[in-house]
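Worksheet: one structure, shown below.
Quick note: the coordinates plus some simple rules give every number you see, no bench work behind them. Note that the structure is a prediction, hence the values are computed from the model and not measured. When we count neighbours, we look across all protein chains shown, and the Cβ atoms used for this are built from the backbone with ideal geometry, even at glycine.
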Protein chains: 2
Amino acid sequence: MRVLIVHAHPEPQSFNAALTKAAATALRDAGHEVTVSDLYADHFDPVAGRHDFLQVADSSRFHYQSEQAHAATSHSFAPDLQREQARLLSADLLVLQFPLWWGAPPAILKGWLERVLAYGIAYVDGRRFTSGLFKGRRAMMSVTTGGTPERFRPEDVYGNIDQVLWPVRRLALEYMGYDVEEPFVSYAAPRVADAERKAYLDAWCARVVEAAGKPVTSVSIDSEALIASTGPAAWARS
Amino acid sequence: MRVLIVHAHPEPQSFNAALTKAAATALRDAGHEVTVSDLYADHFDPVAGRHDFLQVADSSRFHYQSEQAHAATSHSFAPDLQREQARLLSADLLVLQFPLWWGAPPAILKGWLERVLAYGIAYVDGRRFTSGLFKGRRAMMSVTTGGTPERFRPEDVYGNIDQVLWPVRRLALEYMGYDVEEPFVSYAAPRVADAERKAYLDAWCARVVEAAGKPVTSVSIDSEALIASTGPAAWARS
């Protein structure tokens, strides 16, 4: 199984870094092939823009999806996106490792979703959810929170963790067709005792190795054929 | 009433830009004072990091909130953050204008939340929701979607728009204490006819002017006193 861990934390000594390192080691020990995209270490630029593309489809007006569709058929994504897209397309299991900041992934990871998961690469018009391009593959989030588990009870202030992670799970990962595992959550990571953090690490390794052991069917994605067959996207018809 | 519109779209000819421009004009015509933070035009950097700070609290390990707390008491935020924080602190009404990308604000806006809404400026330990520092002030989102309204029915694939916007509303704006208006949503903005887009613009102007007409109580925020009175934050005690 090929696993891509997208890691989004600025501090190499952080608990997020420990979770990624432990998962990579456990997965490799179990015989899997692991790639880590360490967004902070790689100085990944999360701002979607003209610099995403080596060519220009329309210089008079910047429409992001149209430029993405053009780049997908003309193979003209910027080098950083080509690298990340190749990693994404070859991964059977995608793991997102991040701290919950303001109830969501850090901007550097949100920008990875926007720039890497481009139209024509990660989705096309009419192919989503059960017909999504990544159907048969698996995805999983590993999240650390400052808040205690009590804060995330359905009746408490933040709402259940599933409600908090809904946009990433439903409108990104499941939209693309992924089978999404239940998230692994290290609650109150900066507040708990070392023994509890150690227990989180062990539990996370067990969970991710288990997920990597489940069967997948990764169908290869032919961007040119997909865009040719779906015709102009809905947003391009208006 | 002082209004800050944080605008997050790369294309000046976009419908998002039209919404921001129309709102600013309507608000000024109604006698309000309007500032627009145009994140793309300003080349706002959304990546949280050491460059947020002119001083270093701990050079051996980067803990973001600790550095923010230090900067809040030593007045050592980087100039771009000082500017945005001054705008934020002086605004009675905060408006976030953005397209829904992968179910959430664009990375450039997510990073604005992370960097500008710093510990000691926008929140401190023990002051959140009904005791939040921005209690008495008002906030509002104006969002464009590619998806049709049907997609956002509770029983459909994306879930209700309130569910999608929950992290921003609940874990950011309400966390800070804001009274949050119902979001204004321009559904399927790229797909509808021009007359419908015109109707969106008119409805949005009416909504935002109405919101700006409601009473607010903006209490000034004294970062040094707040941090001194709350003591070490929970994450610093572990």
* Order of B:K21, A:K198 from fewest to most other C-beta atoms within 10 Å? -> A:K198, B:K21
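Let me confirm one metric for peptide A:109-117, namely the mean number of other chain beta-carbon atoms within 10 Å of its residues' beta-carbons.
Per residue, the number of nearby Cβ atoms from other chains is 4 on average.
Nearest-5 percent of antiparallel DSSP beta bridges in segment B:1-118? Walk me through the numbers before you get to the answer.
On the way: 2 of 13 bridges.
Percentage antiparallel, nearest 5: 15.
What does the charge count near A:R138 come to, summing +1 for each Lys or Arg and -1 for each Asp or Glu among other residues with Cβ under 14 Å from its Cβ? Please list the in-between numbers first.
Values: positive: A:R2, A:K135, A:R137, A:R169, A:R207, A:K214; negative: A:D92, A:E174, A:D179, A:E181, A:E182, A:E210.
Surrounding charge for A:R138 is 0.
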* Computed helical MRE - 222 nm, chain B, DSSP H runs ≥ 4 contributing -39500 (n - 2.57), nearest 500 -> -11000 deg cm²/dmol
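I need the shape label for chain B. Rule: rounded when a/c is under 1.5, else prolate if a/b > b/c, else oblate, with a, b, c from the alpha carbon gyration tensor.
Verdict is prolate for chain B.
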* Structure fact -> Computed about the Cα centre, the charge dipole of the protein assembly as shown from +1 Lys/Arg and -1 Asp/Glu charges at the Cβ has a magnitude in debye, to the nearest 20, of 280 debye
* Structure fact -> With the charge dipole of the protein assembly as shown built from beta-carbon charges (+1 for Lys and Arg, -1 for Asp and Glu) about the Cα centre, the Cα from B:G49, A:A188, A:S59 projecting farthest to the positive end belongs to A:A188
* Taking each label point as 7 Å beyond Cα in the direction of the beta carbon, state the distances from B:D194 to the same residue in the other copies, shortest first, in nm. => 6.9
* To do: Report, by chain and number, residues whose modeled amide H sits under 5 Å from the one on B:A188, excluding near sequence neighbours (fewer than 5 apart, same chain).
  => B:T145, B:G146, B:G147
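Convex hull over the Cα atoms of the protein assembly as shown, averaged projected area in nm²? Provide the component values of the computation, followed by the final result.
Values: hull surface 85.9 nm².
In nm², the orientation-averaged hull projection of the protein assembly as shown is 21.5.
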* Ascending list, in nanometres, of distances separating the B:G136 label from those of the other copies (7 Å, Cα toward Cβ) -> 6.1
* **Inter-label distance, nm, simple model (7 Å from Cα along the C-beta direction), A:A236/B:E196** => 2.1 nm
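Among DSSP beta bridges lying fully in segment A:69-199, give the percent that are antiparallel, nearest 5. Let's see the in-between values first.
On the way: 2 of 15 bridges.
Rounded to the nearest five, the antiparallel share is 15 percent.
Just want to confirm a number: the relative contact order over segment A:135-201, from Cα pairs under 8 angstrom separated by 6+ residues, in percent.
49 percent
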* **Label spacing, shortest first and in nm, from B:R83 to its equivalents in the remaining copies (7 angstrom along Cα→Cβ)** => 3.0
* Environment charge at B:S59 (Cβ cut-off 15 Å; Lys +1, Arg +1, Asp -1, Glu -1) -> -2
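If you count the DSSP beta bridges with both ends in the protein assembly as shown, what percent of them are antiparallel, to the nearest 5?
Antiparallel: roughly 10 percent of the beta bridges in the protein assembly as shown.
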* Taking the Cα centre of each part, how many Å lie between segment A:1-55 and segment B:128-177? -> 29 Å
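Report the net charge of residues surrounding A:V157, where surrounding means a beta-carbon distance below 14 angstrom and charges are Lys +1, Arg +1, Asp -1, Glu -1.
Values: positive: A:R151, A:R153, B:R127, B:R128, B:R169, B:R170; negative: A:E150, A:E155, A:D156, B:E174.
Its environment carries a net charge of +2.
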* Asked: Whose amide H sits under 5 Å from the amide H of B:H9, counting only residues 5 or more places off or on another chain, with H placed in the peptide plane?
  -> B:L39, B:Y40
* Please give every one of the lysines within straight-line cross-link reach of B:K198, meaning a C-alpha to C-alpha distance under 20 Å, and leave out same-chain neighbours fewer than 8 residues apart. => B:K21
* Asked: From the backbone phi of segment A:7-13, what are the Karplus-calculated ³J(HN,Hα) couplings (6.51 cos²θ - 1.76 cosθ + 1.60, θ = phi - 60°) in whole Hz, Gly and Pro given as x?
  -> 10, 10, 8, x, 10, x, 8
* **Fewest-first sequence of A:L27, A:L19 by Cβ atoms within 10 Å of each Cβ** => A:L27, A:L19
* To do: Quick one: which residues, 5 or more positions from A:Y123 or on another chain, have an amide H under 5 Å from its amide H? H modelled 1.01 Å from N in the peptide plane, none for Pro or chain starts.
  => none
* Among B:V180, B:V3, which comes first, second and so on when ranked by fewest other beta-carbon atoms within 10 Å? -> B:V180, B:V3
* Relative contact order (%) - segment B:1-76, alpha-carbon pairs under 8 angstrom, separation at least six -> 29 percent
